[in-house]
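Following: one structure in structure tokens, then a few remarks.
The values are calculated or read from the model by the stated rules, or taken from the named source; none is laboratory data. Worth saying up front: this structure is predicted, and the values here are computed from it rather than measured. No Cβ is skipped: glycine too gets one built from the backbone with ideal geometry, and neighbour counts run over all protein chains shown.
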Amino acid sequence: MSHNLWVVFRRELSSYFATPIAYVFIIIFLFLSGIFTFYLGNFFLRGQSDLLPFFSFHPWLYLFLIPALAMRLWAEERKSSTIELLLTLPITITDAVLGKFLAAWIFTAIALILTFPIWISVNYLGNPDNAVIFAGYLGSFLMAGAFLSIGSCMSAVTKNQVIAFVITVVVCLAFILSGFPMVLDFFSGWLPQVVIETISSFSFLTHFSAISKGVIDLRDILFFFSLMAFWLFATAILIEMKKAD
């Protein structure tokens, strides 16, 4: 990590904890994780010592919580006009984009790590396959990065954080639903099979579900990293265009 990238990363990460945003996000995330796992996920009724109910709700948790976290990445800078000041500093746009993204991603990782009592509870109540649970955490972390990269790009599009939030939710929802049979059936009547298979391959659920079940396939990992690279590159292009204005 370059010095300038580290400076941006440290500035952004510390800014989360300088306001109530970090604590509210973490509390809501932990509360909903517990509710979805032990109540809506019927953890005790299933009679299985695993965390599948915990991870199965993550895409839907992230659908609203991650855009709420990401909407401020660039929209706030543009609204307050501090983006001009940021871009005049001796840092590259790549450093700025990656620094902001990594800070948000690590912050999300902190929230994810703080769910460890759920992991401990499962081990206390039974004998789960901890390798599978670790894979689930890895998949959740990668999926959160994909959500954040989309949110970063959408935040760079507009000065309005609410608009950035809504657009991010819509785009992320499209990635979640792209593997649903209902969606694929809609396209099957008028698109070639190869196009339908391509649409299905972009589903977050398809790639995340495989990892959360302990099947760590390099293709699933590459999918999330490729998605992050694409959206962060798009973010950099948008910021470069703003700089040229």
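List every residue pair whose Cβ atoms sit under 8 Å apart, with the two residues 6 or more apart in sequence or on different chains, where the first one lies in region 210-224 and is in contact (Cβ under 8 Å) with a residue 60 or more places away in the chain and in a helix (DSSP H, G or I) and the second, anywhere, is of a type in the set (Val, Ile, Thr) and surrounded by fewer than 16 Cβ atoms within 10 Å (Cβ to Cβ).
Going by the 8 Å Cβ cut-off, the qualifying pairs are ILE211/ILE221.
Looking at LEU148, LEU173, LEU177, can you tell me which residue is surrounded by 18 or more Cβ atoms within 10 Å (Cβ to Cβ), of a type outside the set (Ser, Thr, Tyr) and in contact with a helix residue (DSSP H, G or I) (Cβ under 8 Å, 6 or more places away or on another chain)?
Going through LEU148, LEU173, LEU177 in turn, just one is surrounded by 18 or more Cβ atoms within 10 Å (Cβ to Cβ), of a type outside the set (Ser, Thr, Tyr) and in contact with a helix residue (DSSP H, G or I) (Cβ under 8 Å, 6 or more places away or on another chain): LEU148.
Among the residues that make up region 44-56, is at least one of them modelled with pLDDT of 90 or more, under 18 Å from MET143 (Cα atoms) and surrounded by 19 or more Cβ atoms within 10 Å (Cβ to Cβ)?
no
When you scan region 157-170, how many residues do you find that are surrounded by fewer than 24 Cβ atoms within 10 Å (Cβ to Cβ) and either closer than 17 Å to LEU227 by Cβ or basic (Lys, Arg) (or both)?
Number of matching residues: 4.
Identify all residues within region 23-37 that are surrounded by 15 or more Cβ atoms within 10 Å (Cβ to Cβ) and without any contact (Cβ under 8 Å) to a residue 60 or more places away in the chain; write none if there are none.
Scanning region 23-37 gives ILE28, LEU32, PHE36.
Kindly evaluate VAL183 against the criterion of being modelled with pLDDT under 85, in contact with a helix residue (DSSP H, G or I) (Cβ under 8 Å, 6 or more places away or on another chain), farther than 27 Å from VAL132 by Cα and exposed (fewer than 14 other Cβ atoms within 10 Å of the Cβ).
no
Would you please name the residue that is farthest from SER140 (Cα to Cα), looking only at residues in region 198-209 that are part of a helix (DSSP H, G or I) and small (Gly, Ala, Ser)? Walk me through how you get there before you give the answer.
Let us first name the residues in region 198-209 that are part of a helix (DSSP H, G or I), namely 198-201, 204-209.
So of that shortlist, the ones also small (Gly, Ala, Ser) come out as 200-201, 209.
On the way: SER200: 19, SER201: 18, SER209: 10 Å.
So the residue we want is SER200.
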